[in-house]
């Protein structure tokens, strides 16, 4: 939703006829409603392998009918499996974006059908002749300074005074296909982090699963659309989820990514720009957090790193629009 929202608004303002088609994944419908964006609901994608297979067929048929009625010239999306299938059948152009090398099953489902596949330059997998590389991040479609201005009223929503220190922990459910056999924070490490960080400021937890009773008082209670504002003003972010870790890092927030799965863009942000750390060991995590929080210059250091990073990247929304309109091609 965040990836396409700015391109959608800009194209609509220029007089183009745009439609949003959305599957019922966590928060997607809620966010579309919060942003007042009209959409065609496709429904759930399923949980079990059999359900996912059945839903894929069902969604293909629903999208086919939608496209027959609306006659699009092009369809675009992240890992747009259904879009690639329908566009191939109806013979119109499909643009698929992906930034996840290990999502091999998903890539196999759209690769034969997509017109073109766009990946960031740091993407480590060669997908073949349809692959087009660009110098950017998915997250810069909505967090690039051209499109994102943080709202400081998020402090009030969090029950804080402007400038009060606070920290964000992000927990994932580990039920995605690519999460199989992977791991992040242990319960013991979560407890240790909460105990330590609570002595330095307020702790908030964003979780994909129902939190343990001992953490429920720390759950986010703000509108979903304010997450990135909260990330921007946070003093520190520790995340099991790659997207949240990437978002906070490129916003210039000291970030620790705790996940056994090594990803191209996590390594790129860590090795090239030192915007985050990928750590699994409990003691190393606590040591790194302690060191960073005791450094009075840490904010300035991360802002300089962020500025350097942004100087090397493009505005991804601008890139999306150019691809849709075949500009500069």
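The values are calculated or read from the model by the stated rules, or taken from the named source; none is laboratory data. No experiment lies behind these values; they were computed from the predicted model shown. Because the Cβ atoms are built from the backbone with ideal geometry, glycine has one as well, and the counts that use them run over all protein chains shown.
For the residues 3, 53, the requirement of being at pLDDT below 90 and either touching a strand residue (DSSP E or B) at 6+ places or on another chain (Cβ under 9 Å) or in the same structural domain as residue 95 (by TED's automatic domain parsing) (or both) singles out 53. Just checking, does segment 103-116 include any residue being at pLDDT below 95 and closer than 30 Å to residue 311 by Cβ? Yes: segment 103-116 contains one or more residues that are at pLDDT below 95 and closer than 30 Å to residue 311 by Cβ. Checking 140, 158 one by one, the residue that is assigned by TED's automatic domain parsing to the domain that holds residue 193, out of contact with any strand residue (DSSP E or B) (no Cβ under 6 Å at 6 or more places or on another chain), closer than 28 Å to residue 237 by Cα and surrounded by 19 or more Cβ atoms within 10 Å (Cβ to Cβ) is 158 and no other. The set of residues in segment 294-317 being surrounded by fewer than 19 Cβ atoms within 10 Å (Cβ to Cβ), part of a helix (DSSP H, G or I) and either without any contact (Cβ under 8 Å) to a residue 12 or more places away in the chain or out of contact with any helix residue (DSSP H, G or I) (no Cβ under 6 Å at 6 or more places or on another chain) (or both) consists of 299, 300, 301, 303, 304, 306, 307, 308, 310, 311. Any idea which residue in segment 123-135 is nearest to residue 265 (Cα to Cα), counting only those that are in contact with a strand residue (DSSP E or B) (Cβ under 6 Å, 6 or more places away or on another chain) and part of a loop (DSSP other than H, G, I, E, B)? Here the residue is 127. For segment 33-55, filtered to residues that are in contact (Cβ under 8 Å) with a residue 24 or more places away in the chain and surrounded by fewer than 16 Cβ atoms within 10 Å (Cβ to Cβ), the residue that is farthest from residue 11 (Cα to Cα) is 47.
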